[in-house]
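Heads up, the thing below is written out as structure tokens.
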Amino acid sequence: MTGRVFKSTGSWYLVEDANKRLIECRIKGNVRLKGSRNTNPASVGDVVDFEIEPKTGKGVISKIFSRKNYIIRRSTNLSKREHIIASNIDQAALVVCFKNPRTLTGFIDRFLITAEAYGIKSIIVINKIDTYDEDAEAEASYIKLVYEKIGYPVFLVSAHTHKGIEELNENLSQKITLFSGHSGVGKSSLLNTLVPGLNLRVGEVSESNEKGTHTTTFAQMYRTNDLTCLIDTPGVKSFAIVDFKREEVATYFPEMFRASANCKYNNCLHINEPGCAVKELLEEGEICEHRYENYLNIYESDNYKEDWE
Ligand code: GDP
Ligand code: ZN
């Protein structure tokens with residue numbers, strides 16, 4: 001039978017069969033994707049073949065189909081081992097918040113360029129709008145304006161009042177969307193709102209450091225209807241990029257990449273080269289200042305490869 005992995009702990013799996021039933025599975029020891037160095041051989045989102053063992057009623061995964069795409073989590077130890085968070089996803093949703101806690105644009109841009117590097121589209125979900133004062137509202141409108149112009153859909157929502165949820169649901173329909181975000185932004189609350197019957201634990205935001213509590217568990221996929229699935233990634237703040245070169249950073253800012261066709265030098269880094277079309281658009285206000293500053297910060301940071309927090 002062919003199914004899709006909805007949960008992977010590395011030692012056991014939940015696989016959804018053709019009748020949308022979740023079946024507990026283990027994996028045959030010798031099933032690994034060819035050439036893979038990954039610690040867990042099957043990840044959430046993988047399409048797999050499995051057989052039911054008559055004795056136990058449980059499944060055994062015998063084949064993993066090749067992946068359309070996948071994203072890797074930053075390694076938390078020094079083992080240099082890759083850990084795939086999820087595969088075969090249609091888009092990534094970054095949940096952010098502009099009041100308690102406040103997400104910085106540096107974090108947003110690092111997330112977006114990482115997804116770009118994986119060839120994955122992103123949307124931005126601004127949550128907790130029911131709590132916003134004038135400043136937070138202004139910031140939310142500004143972010144919507146700037147990022148939609150670049151090509152990232154932005155949704156203003158409240159997991160509590162359900163404002164904006166219908167519009168967000170329309171975007172999510174018929175896709176597999178991976179949800180990420182700093183703890184405390186309301187990702188769990190949002191998923192509880194979006195997935196019928198889901199009851200994820202909702203944490204408290206500590207007032208002192210504006211950081212929510214979280215426990216690191218495994219990514220899990222949830223079905224919202226026949227055609228739509230969401231993936232929760234608890235404890236994952238951002239993704240790792242393997243072989244990410246400093247010189248490539250600007251190509252993952254879509255507006256800079258588009259402009260770079262008109263730069264005088266084709267290897268222009270848009271820093272202080274003459275005839276730079278990116279800097280021209282920056283001066284004209286066509287390219288947004290904070291995006292450009294975040295570009296410089298990422299370009300100049302020594303640890304752009306490993307740790308972006
Ligand atoms: P997570 O860490 O991102 O999963 O965030 P949680 O879903 O655990 O929520 C963190 C805190 O924010 C909890 O106290 C939630 O009740 C609160 N929260 C989440 N969404 C909203 C919202 O839309 N409005 C308001 N006012 N509070 C929210
Ligand atoms: Zn340039």
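The values are calculated or read from the model by the stated rules, or taken from the named source; none is laboratory data. No experiment lies behind these values; they were computed from the predicted model shown. Quick reminder, even Gly has a Cβ in these numbers, built from the backbone with ideal geometry, and neighbours come from all protein chains shown. What goes into the accessible areas is simple: the full protein's heavy atoms, side chains included, and nothing from ligands, DNA or RNA. Shrake-Rupley method; radii C 1.70, N 1.55, O 1.52, S 1.80 Å.
At a glance:
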quantity	calculated
FRET efficiency estimate (nearest 0.05) - Cβ-Cβ, Asn171 to Asn267, R0 30 angstrom	0.25
Charge dipole (debye, nearest 20) of segment 79-204; +1 at Cβ of Lys and Arg, -1 at Cβ of Asp and Glu	520
Accessible surface, 1.4 Å probe, highest first, among residues Phe6, Phe65	Phe65, Phe6
Debye, to nearest 20: dipole size of segment 101-144, +1 on Lys, Arg Cβ, -1 on Asp, Glu Cβ	320
C-alpha center-to-center spacing [segment 45-61, segment 92-127] in angstrom	36
Loop sites in segment 124-205: chymotrypsin sites (Phe, Trp or Tyr not before Pro), DSSP, at most 14 other Cβ within 10 Å	none
Under-5 Å amide H pairs with Thr103, H placed in peptide plane, nonlocal only	Cys97, Phe98
Magnitude of the charge dipole, segment 246-308, Cβ model with Lys/Arg +1 and Asp/Glu -1, debye to 20	240
